[in-house]
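The values are calculated or read from the model by the stated rules, or taken from the named source; none is laboratory data. Note that the structure is predicted; figures quoted are calculated from it, not measured. Glycine gets a Cβ as well: all are built from the backbone with ideal geometry, and neighbour counts include every protein chain shown.
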Amino acid sequence: MSDYPKHMHPESLMMSYGYKSELSEGAIKCPIFQTSTFTFKSAEEGKAFFEVAYGLREKRPNEELGLIYSRLNNPDLQILEERLTLWDGAEECAVFESGMSAISTLLFEFLNPGDYVVYSAPVYGGTDHFINHVLPRFGIKPIGFRAGSSKAEIINRIKEHDAWGKVGLLYAETPANPTNALVDIAGLRGIADEMATADKPVYVAVDNTYMGPLWSHPLKHGADFVLYSATKYIGGHSDVIAGACLGSKELIARVKGLRTFLGNMAGPWTGWLLMRSLETLKTRMEAQAANAVKVAAFLQNHAKVTKVHYLGLIDEKHPQYEVYQRQYSSPGAMLSFEIKGGEAEAFRFLNHLQLIKLAVSLGSTESLAEHPKTMTHADVDPADKEVIGITDNLVRLSVGVENPDDLIWDIGQALDNV
């Protein structure tokens with residue numbers, strides 16, 4: 001790891017942190033280490049590397065971690081993980097080949113048959129499916145609560161299921177996808193601590209994809225884990241699929257342990273692409289957030305829009321405003337809005353967009369729009385969709401880095417066709 005003054009900001013360190021050019025023929029950027037295995041200088045060195053890798057002993061002071069096999073470690077992956085820790089102030093990071101592999105590995109590692117997982121709704125459709133349709137096959141039961149619920153309401157949900165003392169993990173996606181409803185992370189921490197015993201810890205995991213790693217840092221609010229679909233803002237160019245999980249050294253060691261045996265670690269190409277993207281992450285996200293402010297203001301005043309879900313428009317008297325102020329440093333670049341009418345009107349709007357692309361995903365340089373009810377959240381229980389606000393007329397918009405005047409023109413002409 002390179003030595004830098006402690007006062008330096010993450011956006012400065014993204015260029016070279018963790019990389020020693022002298023080990024790579026002086027290359028200014030980390031090369032792509034497209035190799036499956038690495039040679040040892042001696043049998044004794046190979047033995048030492050495996051002892052540390054498999055947790056047979058702790059790394060000795062000043063002992064350099066060695067490379068063994070790209071399923072365990074690879075220079076591109078290792079350097080990427082070191083750089084990602086800087087944004088959230090995490091001790092360790094584990095990177096995966098997709099956001100869902102990060103989420104599923106975490107849940108499998110820290111939940112056991114008979115446990116309950118308590119989760120906020122709505123969440124990303126893939127997460128919802130995994131929690132409600134995959135985990136129950138392994139004896140793990142879900143309890144959902146609506147994003148925006150108070151601490152008392154969440155506790156009541158748990159007790160209604162007679163699950164107090166049986167919860168293994170509290171899971172939140174905040175802001176909620178796609179409604180932007182907020183979950184109080186500190187409140188979840190308090191609930192977890194009330195339920196935990198010496199024999200049964202209760203963990204808190206937060207999917208921070210909508211706001212991270214720039215605008216919110218869940219670990220600082222009491223979360224044990226922060227999760228990302230690194231495909232989104234971290235990757236930011238719609239050309240790579242990846243995920244990340246961050247937390248303490250002790251807990252991420254367990255995540256990496258299961259990752260090793262599931263084999264869902266990120267490869268060198270993914271690591272290299274994400275390192276490239278991290279260099280411009282702050283610049284990109286700030287431009288997207290500035291554009292979103294203007295787009296949201298236009299939508300709020302449009303006659304064919306009945307409601308805009310955007311953090312920058314939360315009324316100061318609303319109970320969620322305090323959570324917003326405490327947890328986030330920006331309203332972000334994700335918004336959703338309700339068009340007057342239903343599915344037909346939403347589809348007509350989407351079909352008439354020209355600059356903005358009709359596609360799922362988010363956080364990329366190009367602006368994207370989609371229809372959550374029939375696309376990203378199609379698999380969510382129909383009754384739940386209405387309760388949590390995923391309606392026929394809801395459109396989700398990920399704001400990119402285009403000129404905001406052009407985005408507003410495109411949205412306006414599409415609405416004219418509704």
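For Glu44, the conditions (1) under 24 Å from Ala266 (Cβ atoms); (2) at pLDDT 85 or above are fulfilled apart from (1). In summary, helices (runs of 4 or more DSSP H) completely within the stretch 3-115 and bearing 2 or more residues that are assigned by TED's automatic domain parsing to the domain that holds Ile234 occur at 75-88, 99-110. Candidates in the stretch 56-108 are the residues that are basic (Lys, Arg) and surrounded by fewer than 21 Cβ atoms within 10 Å (Cβ to Cβ); of these, the one that is nearest to Arg259 (Cα to Cα) is Arg71.
Kindly indicate whether any position in the stretch 55-74 is in contact with a strand residue (DSSP E or B) (Cβ under 8 Å, 6 or more places away or on another chain) and of a type in the set (D, E, K, R). Scanning the stretch 55-74, I find at least one residue that is in contact with a strand residue (DSSP E or B) (Cβ under 8 Å, 6 or more places away or on another chain) and of a type in the set (D, E, K, R), so the answer is yes. If we scan the stretch 133-145, do we find a residue that is over 22 Å from Val202 (Cβ atoms), touching a Lys or Arg at 6+ places or on another chain (Cβ under 9 Å) and modelled with pLDDT of 95 or more? No, that holds for no residue.
Residue by residue, here is whether (1) within 15 Å of Leu415 (Cβ to Cβ); (2) touching a helix residue (DSSP H, G or I) at 6+ places or on another chain (Cβ under 7 Å); (3) at pLDDT below 95 holds:
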residue: Gln300; (1), (2), (3): yes, yes, no
residue: Val305; (1), (2), (3): yes, yes, no
residue: Tyr310; (1), (2), (3): no, yes, no
residue: Pro319; (1), (2), (3): no, no, yes
residue: Ile339; (1), (2), (3): yes, yes, no
residue: Ala346; (1), (2), (3): yes, no, no
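Taking helices (runs of 4 or more DSSP H) as the structural unit, those lying wholly within the stretch 240-317 and holding at least 1 residues that are without any contact (Cβ under 8 Å) to a residue 24 or more places away in the chain and within 21 Å of Glu91 (Cα to Cα) correspond to 249-262. Name the single residue, out of those in the stretch 25-51 being closer than 18 Å to Met275 by Cα and in contact with a Gly (Cβ under 9 Å, 6 or more places away or on another chain), that is surrounded by the most Cβ atoms within 10 Å (Cβ to Cβ). Ranking the candidates gives Cys30 first.
Among the listed residues Gly89, Gly66, which satisfies the condition of being farther than 22 Å from Leu227 by Cα and in contact with a helix residue (DSSP H, G or I) (Cβ under 8 Å, 6 or more places away or on another chain)? Outline the logic, then answer.
Numbers: Gly89 fails: farther than 22 Å from Leu227 by Cα.
Exactly one of Gly89, Gly66 is farther than 22 Å from Leu227 by Cα and in contact with a helix residue (DSSP H, G or I) (Cβ under 8 Å, 6 or more places away or on another chain), namely Gly66.
Working only within the stretch 135-156, note down all residues that are in a helix (DSSP H, G or I) and either in contact with a Leu (Cβ under 9 Å, 6 or more places away or on another chain) or acidic (Asp, Glu) (or both).
The initial filter retains those residues of the stretch 135-156 that are in a helix (DSSP H, G or I), namely 135-138, 151-156.
Across the stretch 135-156, the qualifying residues are Leu135, Phe138, Lys151, Glu153, Ile154.
Restrict the check to the stretch 162-178 and report whether at least one residue is surrounded by fewer than 21 Cβ atoms within 10 Å (Cβ to Cβ) and assigned to a helix (DSSP H, G or I). No, there is no match, as no residue in the stretch 162-178 is surrounded by fewer than 21 Cβ atoms within 10 Å (Cβ to Cβ) and assigned to a helix (DSSP H, G or I).
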